[in-house]
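Step one of this worksheet: look at the structure below.
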Amino acid sequence: MVMTTDAEGSTLQLRDVRKSFPDPDDPVNRRLVLPGISITLAAGELVSLIGPSGCGKSTLLRLIAGLETADAGELLIGSEAICGPSAERGLVFQDPNLFPWLTVRRNIEAGLVARGLLQEKRAEVDEFMRLVELEAFANAYPHHLSGGMAQRVALARALINHPKVLLLDEPLGALDAFTRMRLQDEVLRLWSARRSTTLLVTHDIDEAIYMSDRIIIMTPRPGKIDQIITIELKRPRHRTSSEFLQLRGEILELLHFAGGERTKSVKADAPTI
Ligand SMILES: Nc1ncnc2c1ncn2[C@@H]1O[C@H](COP(=O)(O)OP(=O)(O)OP(=O)(O)O)[C@@H](O)[C@H]1O
Ligand SMILES: [Mg+2]
């Protein structure tokens, strides 16, 4: 389900985005990572990106975040070209990357402080601390936290800026299975309330089906779009429903991880959107 009304999010368009890096084995040459990716996310859409390690998923997110520059192609938020980092694009990495010298509360507040909004939004800091269940750790420093707790701070820190585009690079990968499922629900709850356009990198097919409007499957490097699967299950989704499990099986078959013969019942769109 894609809702375009009342979305805080904006359309995200990538047109023929190409990226290469100097080849570490042969610095004269460049290693092609993304040969020309075109994707459009509707305002408020939640799309997952799945693909083999090294295919360029993080590179794609870093390009959208404005932390890397594309060799060619266009990246647009609404009608504006991306030309550097901005608070309107929140990024949560695999690694929480917290400021080690700041407490949990100050880490969550950091974006608001930088934009002079702390006074106005102080109540939201408390709300987000509750949301990630870290009120008791408000004055703790990152080195006091478990990896999972640190990742929850990183998530709160990005969401509190109400980003137009939220970029999540396996943000829940470090969490235990139960915390992860609970946080999936929390991310979904926030997403449905605010509708930041969200691009989620995950290696977890269940997470992708549970959360996404669409799943984009990438090829090995150089990363191209292999398949786009529209998830038509109504929300809230049930991880044990027969439709969910059937879809899971079909996607595993598409990815050649199911074993046995492939079936073609899953609905995959043409890889241009
Ligand atoms: N700054 C860089 N300089 C040189 N090569 C880079 C740089 N960043 C990424 N790469 C290369 O680009 C390719 C894609 O890396 P990327 O981190 O985007 O993969 P990924 O799909 O996110 O993988 P994973 O699932 O393991 O996180 C890799 O071959 C990597 O070595
Ligand atoms: Mg990565």
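Observations
- Residue match in segment 47-67 (condition: more than 20 Å from the chain's Cα centre (by Cα) and within 13 Å of ligand 1 (Cβ to nearest atom)): no
- Whichever residue in segment 218-245 is under 19 Å from Asp185 (Cα atoms) and touching a Ser or Thr at 6+ places or on another chain (Cβ under 9 Å) and, among such residues, is surrounded by the fewest Cβ atoms within 10 Å (Cβ to Cβ): Arg235
- Selected residue (criterion: farthest from ligand 1 (Cβ to nearest atom)) from residues of segment 134-158 that are in contact with a helix residue (DSSP H, G or I) (Cβ under 6 Å, 6 or more places away or on another chain) and open to solvent by 20 Å² or more (accessible area, probe 1.4 Å): Glu135
- Of the strands (runs of 3 or more DSSP E) lying entirely inside segment 158-258, those containing at least 3 residues that are more than 13 Å from the chain's Cα centre (by Cα) span 225-230.
- Any hit, segment 207-215, residues being open to solvent by 10 Å² or more (accessible area, probe 1.4 Å) and without any contact (Cβ under 8 Å) to a residue 60 or more places away in the chain: yes
- Members of segment 170-198 found to be within 16 Å of ligand 1 (Cβ to nearest atom) and among the small types (Gly, Ala, Ser), listed by number: Gly173, Ala174
- Residue match in segment 176-191 (condition: surrounded by fewer than 18 Cβ atoms within 10 Å (Cβ to Cβ), touching a Gly at 6+ places or on another chain (Cβ under 9 Å) and of a type in the set (Asp, Glu)): yes
- Only strands (runs of 3 or more DSSP E) whose full extent lies in segment 33-133 are considered here, and the ones with at least 3 residues that are modelled with pLDDT of 90 or more and open to solvent by 20 Å² or more (accessible area, probe 1.4 Å) are 72-77.
The values are calculated or read from the model by the stated rules, or taken from the named source; none is laboratory data. For clarity, every value in this text was computed on a predicted model and none was experimentally measured. Reconstructed Cβ throughout: ideal geometry from the backbone, glycine too, with neighbour counts over all protein chains shown. Accessible surface is based on the protein model in full, side chains and every heavy atom, while ligands, DNA and RNA are left aside. Shrake-Rupley method; radii C 1.70, N 1.55, O 1.52, S 1.80 Å.
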